[in-house]
Amino acid sequence: MTLTLKIWRQADAAAEGRLHTYQLDEVSPDMSFLEMLDVLNEQLNAAGEEPVAFDSDCREGICGMCSLMINGEAHGPEVTTTCQLHMRSFADGDTITIEPWRAAPFPVLKDLVVDRSAFDRIIQSGGYISVNTGAAPDAHAIPVPKQNADRAFDMATCIGCGACVAACPNGSASLFVGAKVTHLGELPQGQAERDHRVVNMVAQHDHEGFGGCTNIGECAAACPKEIPLDVISQLNRDLRAAMRHGH
Amino acid sequence: MTDMPDTTTTGNPSHDAPGDVVDDAAGYYREGDPIADTKSPDDQPVERRWSERKFSARMANPAKRRTLSVIVVGTGLAGASAAATLGEAGYQVKTFCYQDSPRRAHSIAAQGGINAAKNYKGDGDSVYRLFYDTVKGGDYRSRESNSYRLAEVSVNIIDQAVAQGVPFAREYGGLLDNRSFGGVQVSRTFYARGQTGQQLLIGAYQALERQVAAGTVETFTRHEMLELVVVDDGSGPRTRGIITRDLVTGAIDTHIADAVVLATGGYGNVYYLSTNAMGSNVTASWRAHRKGAFFGNPCYTQIHPTCIPVSGTHQSKLTLMSESLRNDGRIWVPKDPADVTRDPRDIAEEDRDYYLERIYPSFGNLVPRDIASRQAKNMCDEGRGVGPEVEGVRRGVYLDFADAIARLGRPAIEAKYGNLFDMYTRITAEDPYQTPMRVYPAIHYTMGGLWVDYDLQSNLPGLFVAGEANFSDQGANRLGASALMQGLADGYFVLPNTIRDYLADGPFDTVPDDHPAVVEARASVQERIDHFLTVNGTRSVDSYHRELGNIMWEYCGMERSAEGLRKAIDLIRSLRDDFWRNVKVLGDSESLNQSLEKAGRVADFFELGELMCIDALHRRESCGGHFRAESQTEDGEALRHDDTFAFVSAWEFGGESGARELGTPVLHKEDLVYTAIEMKQRSYK
């Protein structure tokens, strides 16, 4: 395949960025999208131009390190991570525009690399169950109904990639926060801190500059792990309950 | 997959007579003094040792703990759990990871599960049985005390994870489900669908972030450790800190603490293509090795037989397919090399070679990982491999589900393997319900690592090593579902109990910025960076890495021979020499520069790769995951030599001679003594 790539280049957080156009030949449909960028980078390096910086690590769809807006869609046209997207999803002669996540709380560090540390700070604000090592009772001390355990698992599969934020016109991280609140709230172990957790996580979310949810649903559509939109309903329900309880 | 089904015979049936042992590595190494673990109370029976050590290890009271500081490098299962637990205890902790968040460490990619001797199924499991399976799985090359302790604390890990909210699979009664994994005879594997590593890591990550909020832990993301600071002010060496590079700003910083923990994972990426993450590297361990830390058993690598094959020269990593697939899939290649390009569905039954079923009639497709891997390579080397031809060879064998689908029906196969089949389809665009999967072995895990004693302390005082980065618990091979267990055992339960003995002597004197050890370490970091940015060569870092990986895979992979290993050492030396003179790294050091990061990692892989080959050359026995051509039975099976090789090879860095020439490494042997288990030879025919 032969492709025209329009790629966002930006030297650092303070610099102005702009789209650069590159031609790439001999792209195999069996390449992953990131391997296609590897090939471009080899070509740029050989030509004396600095390679394009982009994040990736596990390249098997689970670490959440990769990102990219591909033709305006977070992680591109398939419901998967960019690292699991393959070039057979594109056609010979295509022009592909590649940009970093766009959201004020995710500032661009260089080219396609953004700073997602806001997500870590949201987890710090309450995305955990407080149990010191060694203080745990036997694992069978508290049975958990299978349907609760399964729902907790489904929400816990969030990989923290930030696609939900990048896809949302408001730059909201409600899906991310809702997934964590639902994961821990489904479990008996998570009840003691349930009110505090939701109040503090939402406050941190707002403090970081993420926008509010207006039920557009782009987040759930873009989520490579298919976290459902109803976690945001759960988030709002938990928040209302916490307020009723005096928080 | 069991690495050791229970059909062993005692004794060592046919090996070279004593005196026949050839030192293949003569001239490549020097032998130094033996080394021994002095921390395990070996005068006690094996089941008493950990209790005894926890009691004898000295304590620091809570007020004193606040004055003691620990650096943890790496935030995977071992690092995050250690940092969280040390923070809870009140120490001042700093963590470092090269990723943008601690949650991304490669522990997250582990699929299968985590073993624990809970015996919730009442099927006869026990701590002793898990210990026994672990030692046997490691082909009698792990340290008995460490392996026992691993099995002992496994039960606490599950309790801890459940309390944190890790959503393990449950039964309808609300209790935890277990599955049999790795063919062992009990069901002791806890799992969270195919994402157990992810769920356990998120649990540890959340515990870590909770300590960040509590103010006991400070996290440094997108930071890479590039040098270890070892101070010797006359009373012997002490590890006192690290030099890091901020990968965003390029700033070189010195971090000083009372102790340093490396939890930096394995070094499988020395092979370039592996199931590791792109950034997984050996640099932290290797810089520590160059500062004096011994490297244990570097040649012990695990190869996983069922990964998705390479599709072309652009390939950047390999994806593992759970080997549970071998329970129902049948492995074959065409009998006739002329058939390798035909549609497999058109190849008649009598023209197929189900080679594992043919060679190993009792175990068939369920032979251990190393045997399945080696035979796949043999078939491809014979020209009977299938799939795309890459660099002149077709590297793939069929894993065929047609019989299973006919027997059980497609819905049953979907229920069992649906997510794996989907993943395969996404990567290859082939439908394994219709046409056989293609699989090929890949590097998956490294059992070798920095040498540690029972306290997980290296021979450098104050340097501790946890998880895959150390060498101690797994031996020459690893059971399925035991990597997660070791990472969390070390981090939650072992290290926090042993490091306090060392820290009881602290806090140590401050180390000023102008201390010669700091100045030297910083200068070494800066010198390498400056070199890479000024070589102005012609070849990219990746191209060198790929070539190094090819050498390692060809000569230091599944099957090794003295001739091949000597050739590999020569090839690595000349390629490394070329790398230093001809690598091309653009950009600068004051900003995010991924080529520069990779250059440093590949430089260290070159040195590690040479040591791996020397270690493999020296160990003239077939053992665990690796096969030495010179050490096999009459019918071509692996032959271990307990009389000559029942020891850990702990390698000391040989120094540098001249311009980037490596000196001769020094071998220190730690004898392996089994008091609770009898050594046996395996058989699968």
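The values are calculated or read from the model by the stated rules, or taken from the named source; none is laboratory data. Keep in mind that what you see is a predicted model, and the values were worked out from it rather than measured. Ideal geometry is used to build each Cβ from the backbone, glycine not excepted, and the neighbour counts take in all protein chains shown. Only protein heavy atoms, including side chains, enter the accessible area calculation; ligands, DNA and RNA are left aside. Shrake-Rupley method; radii C 1.70, N 1.55, O 1.52, S 1.80 Å.
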Please verify whether region A:97-117 includes one or more residues that are of a type in the set (S, T, N, Q), more than 16 Å from A:Cys161 (Cβ to Cβ), free of Cβ contacts under 8 Å to residues at least 24 places away in the same chain and facing chain B (nearest Cβ under 9 Å). no
Of these, B:Gly90, B:Gly74, B:Gly27, which one is under 30 Å from B:Ala616 (Cα atoms) and surrounded by fewer than 22 Cβ atoms within 10 Å (Cβ to Cβ)? B:Gly27
If A:Ile123 passes every condition in (1) within 28 Å of A:Asp55 (Cβ to Cβ); (2) of a type in the set (A, V, I, L, M, F, W, C); (3) open to solvent by 10 Å² or more (accessible area, probe 1.4 Å); (4) within 7 Å of chain B (Cβ to nearest Cβ) but one, which one does it miss? (3)
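Just to be sure, is B:Tyr433 assigned to a strand (DSSP E or B), of a type in the set (Ser, Thr, Tyr) and within 23 Å of B:Tyr355 (Cα to Cα)?
On the way: assigned to a strand (DSSP E or B): no; of a type in the set (Ser, Thr, Tyr): yes; within 23 Å of B:Tyr355 (Cα to Cα): yes.
Spelling it out, it is not the case that B:Tyr433 is assigned to a strand (DSSP E or B), of a type in the set (Ser, Thr, Tyr) and within 23 Å of B:Tyr355 (Cα to Cα).
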B:Ala192 passes all but one of (1) assigned to a helix (DSSP H, G or I); (2) within 12 Å of chain A (Cβ to nearest Cβ); which number fails? (1)
If we scan region B:501-511, do we find a residue that is assigned to a helix (DSSP H, G or I), open to solvent by 20 Å² or more (accessible area, probe 1.4 Å) and polar (S, T, N, Q)? no
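Can you give me the number of residues within region B:232-244 that are open to solvent by 10 Å² or more (accessible area, probe 1.4 Å) and either part of a strand (DSSP E or B) or among the basic types (Lys, Arg) (or both)?
Taking region B:232-244 and keeping what is open to solvent by 10 Å² or more (accessible area, probe 1.4 Å), we get B:232-238, B:240.
Next cut, either part of a strand (DSSP E or B) or among the basic types (Lys, Arg) (or both) only: B:238, B:240.
Within region B:232-244, residues that are open to solvent by 10 Å² or more (accessible area, probe 1.4 Å) and either part of a strand (DSSP E or B) or among the basic types (Lys, Arg) (or both) number 2.
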Just to be sure I understand the filter: pairs with C-beta atoms under 8 Å, separated by 6 or more residues or on different chains, first member in region A:1-16 and free of Cβ contacts under 8 Å to residues at least 24 places away in the same chain, second member crowded, with 17+ Cβ neighbours inside 10 Å. Which pairs pass? A:Glu16/A:Gln10
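Going by what's in this entry, would A:Ala166 be described as of a type in the set (A, V, I, L, M), within 14 Å of the chain's Cα centre (by Cα) and more than 8 Å from chain B (Cβ to nearest Cβ)? Write out each step before concluding.
Values: of a type in the set (A, V, I, L, M): yes; within 14 Å of the chain's Cα centre (by Cα): yes; more than 8 Å from chain B (Cβ to nearest Cβ): yes.
Yes.
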Within the set of pairs 6+ apart or on separate chains, which have a first residue in region A:131-160 that is over 28 Å from A:Thr80 (Cβ atoms) and facing another protein chain (nearest Cβ under 7 Å), a second that is open to solvent by less than 60 Å² (accessible area, probe 1.4 Å) and β-branched (Val, Ile, Thr), and C-beta atoms under 6 Å apart? A:Thr133/B:Thr85; A:Ala139/B:Ile158; A:Ala139/B:Val162
Residue pairs qualifying under the 8 Å Cβ cut-off, at least six apart or on distinct chains, with the first in region B:148-175 being more than 9 Å from every other protein chain (Cβ to nearest Cβ) and over 23 Å from A:Lys180 (Cα atoms) and the second being open to solvent by 20 Å² or more (accessible area, probe 1.4 Å) and among the small types (Gly, Ala, Ser), are B:Tyr148/B:Ala676
Under the condition of being open to solvent by less than 50 Å² (accessible area, probe 1.4 Å) and assigned to a helix (DSSP H, G or I), which residue from region B:33-50 is farthest from B:Val494 (Cα to Cα)? B:Val46
Restricting to region A:36-58, name every residue that is charged (D, E, K, R), part of a helix (DSSP H, G or I) and buried (at least 19 other Cβ atoms within 10 Å of the Cβ). A:Asp38
Is region A:60-72 home to any residue that is part of a strand (DSSP E or B) and more than 10 Å from chain B (Cβ to nearest Cβ)? yes
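Among the residues of region B:539-572 satisfying the criterion of being part of a helix (DSSP H, G or I) and of a type in the set (S, T, N, Q), which is most open to solvent (accessible area, probe 1.4 Å)? Write out each step before concluding.
Residues of region B:539-572 part of a helix (DSSP H, G or I): B:541-555, B:562-572.
Now restrict to residues that are of a type in the set (S, T, N, Q): B:543, B:550.
Values: B:Ser543: 31, B:Asn550: 76 Å².
Here the residue is B:Asn550.
Pick out the one residue from A:His196, A:His205 that is assigned to a helix (DSSP H, G or I) and buried (at least 16 other Cβ atoms within 10 Å of the Cβ).
From the options A:His196, A:His205, the qualifying one is A:His205.
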Flagged in region A:13-35 as in contact with a Leu (Cβ under 7 Å, 6 or more places away or on another chain) and assigned to a loop (DSSP other than H, G, I, E, B), in numbering order, are A:Ala13, A:Val27
Would you mention how many residues in region B:430-471 are closer than 24 Å to B:Tyr272 by Cα, within 14 Å of another protein chain (Cβ to nearest Cβ) and open to solvent by 10 Å² or more (accessible area, probe 1.4 Å)? 2
Could you grab the pairs with beta carbons closer than 7 Å, sequence gap of 6+ or different chains, first residue in region B:120-145 and in contact (Cβ under 8 Å) with a residue 40 or more places away in the chain and open to solvent by 30 Å² or more (accessible area, probe 1.4 Å), second one part of a helix (DSSP H, G or I) and not acidic (Asp, Glu)? B:Val127/B:Ala151
For B:Lys118: the one exception among (1) closer than 22 Å to B:Leu320 by Cβ; (2) more than 18 Å from the chain's Cα centre (by Cα); (3) modelled with pLDDT of 95 or more; (4) of a type outside the set (A, V, I, L, M): (1)
